[in-house]
Each structure stands twice: as structure tokens, then as C-alpha cells.
Amino acid sequence: MWSTSEIKERGKAAFRLNYWKCVLVSFIMGFVMSGTTSFSTRSTGNSEESQQMMQELQDSMESLTPGQRIAVAAGVAGVFTLVFVIALVVKIFVYNPLKVGGLAFFKQNVINAPADLNEIGVGFKNYLHTFITLFLNDLFLSLWFCLLIVPGIIKSYSYRMVPYILADEPELSPTDTITRSRQMMDGHKWHAFCYDLSFIGWMLLTILTCGLVGLFWYGPYKNSSDAALYLELRDNPQQFTA
């Protein structure tokens with residue numbers, strides 16, 4: 001069985017051999033993802049600013065006629081729906097293929113550093129296949145999370161390797177890619193969860209430094225180590241369980 005320390009050391013070594021490119025790729029992925037997350041949060045009204053705005057709007061609507069209230073409510077709903085749709089479109093059509101390319105870069109960098117930045121384009125080469133596979137992946141995860149949080153988290157580990165497999169084995173069908181990831185993670189989900197927890201110190205430092213540690217160390221270091229984990233499971237099939 002693989003060990004967390006070995007995986008992290010392999011990832012760290014690859015990261016150090018190609019430091020600035022790893023930082024750049026990690027930054028691009030994080031920037032696009034944070035943008036879509038921020039849009040989604042605002043559109044669903046979960047942010048503090050959105051809640052305050054809704055409260056102010058509710059107070060001001062008390063002086064309106066019923067017809068005016070309906071018109072205002074329809075307008076607000078339309079704006080929030082538009083923002084949510086834009087965020088969803090960016091995630092599906094931009095971030096998902098970008099994520100495949102970014103993770104392919106980190107995988108290649110672990111195999112043979114320094115990797116070239118051209119690896120980022122891997123996710124866009126077979127665009128339709130990438131789109132369908134990750135759309136199904138996100139859909140399945142959403143359905144699992146609709147059941148309960150814990151089953152959703154477990155399944156998120158089952159589908160963890162989908163982006164890597166997309167880059168490695170583009171000939172697989174979308175459902176075969178997801179199945180392949182599930183098979184790879186069988187018997188490794190709890191170990192992978194503990195591996196993720198081992199980075200909690202870096203996560204706290206990232207928060208305390210307003211993201212600086214995340215940008216220049218934690219983000220690319222974690223991505224490099226995740227790529228090392230994928231390669232360990234891919235190259236050692238005897239570790240798989242039925």
C-alpha cells in the first residue's frame with residue numbers, strides 16, 4: 001500500500017524542479033474556479049452581501065403595489081438566474097477542460113520534469129468527449145450529494161481520478177472513464193482522505209496569509225502530490241481491490 005509521505009515527497013520533488021510553471025498553472029486553475037464559485041454563491045444568495053441586499057429589497061417592497069412587487073421579484077429572479085447560468089457555463093465549458101489540462105501538466109511534470117505548459121491544452125483537444133465525461137461526473141456527484149453529504153463525499157473520492165484518466169486514456173467512453181476511476185479508488189478512499197487531511201496545516205497557513213502560501217506553495221504542491229498519487233495507483237494495479 002502506498003504511503004502518504006512517499007506520495008508527498010514525490011510530488012514535492014517534481015514541484016521544485018519546475019517551480020514557476022507549477023505555480024502559474026495552479027494559479028490559472030484556482031483563478032477560474034474561484035471565479036465560478038463566487039458567481040454561484042452570489043447567484044444563490046448565500047453570500048452575506050446577497051442576504052443583505054435581499055433584506056433591503058424586502059423592506060423597500062413593502063411600499064409597492066402587488067403588481068409592482070411581482071415585477072420586481074421577476075426581475076431579481078431573472079438576474080440571479082442569469083448569473084447562475086453564466087457561472088455554470090464557465091465551469092462546464094472552460095474550467096472543466098482547463099482542469100483536465102492542468103492536471104495533465106502536473107502528471108507529466110511528475111513523470112518527467114520540467115513539463116511544458118502546452119500540456120494545459122490537453123483538455124481542449126478532445127473537447128466534446130471531455131465535456132460529456134465531466135458533465136456526467138458532475139451530474140452523478142450532484143445526485144449523490146442530494147441523498148446525503150457523506151455518500152456524496154465518498155463518491156467524490158470514487159470519481160477523483162476522472163480528469164487524469166481523460167488525459168491518459170481518451171479512447172475510453174465517458175461511463176468507462178468514470179468506472180475506471182471508481183475501480184482505481186476501490187480500497188483507497190479512506191487512505192486518500194487521510195492523505196488530504198495531512199495538508200490541513202498548509203490550508204490554515206494559506207488562510208492566515210490571505211492566500212499567499214496557497215499561491216506560491218500549497219496549491220502547486222498539492223496538485224503535484226495528487227498527480228503522484230494517480231501515477232502510483234495507475235502504475236501499481238496489483239494494489240487494486242475487486
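Values computed for the structure shown
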quantity: Spin-label model distance (nm) - Met33 vs Ile70, 7 Å beyond Cα toward Cβ; calculated: 4.5
quantity: Residue pairs, from the table Lys125/Lys189; Lys189/Lys222; Lys21/Lys155; Lys99/Lys125; Lys91/Lys189, whose Cα atoms sit over 20 Å apart; calculated: Lys125/Lys189; Lys21/Lys155; Lys91/Lys189
quantity: Most positive-pole-ward Cα, Thr177, Gly201, Met161, against dipole of region 106-242 from beta carbon charges; calculated: Gly201
quantity: Region 121-205: relative contact order in percent, alpha carbon pairs under 8 Å with at least 6 residues between; calculated: 29
quantity: Estimated distance in nm for a label pair at Leu208 and Ser3, the labels positioned 7 Å out from Cα along Cα-to-Cβ; calculated: 2.7
quantity: Sorted by Cβ neighbour density within 10 Å, fewest at the top, the residues Lys107, Lys155; calculated: Lys155, Lys107
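FYI, it's all coordinate maths here, none of it is from the lab. Remember, predicted model here, so these are calculated numbers, not experimental data. Every residue, glycine as well, gets a Cβ built from its backbone with ideal geometry; the counts of neighbours run over all protein chains shown.
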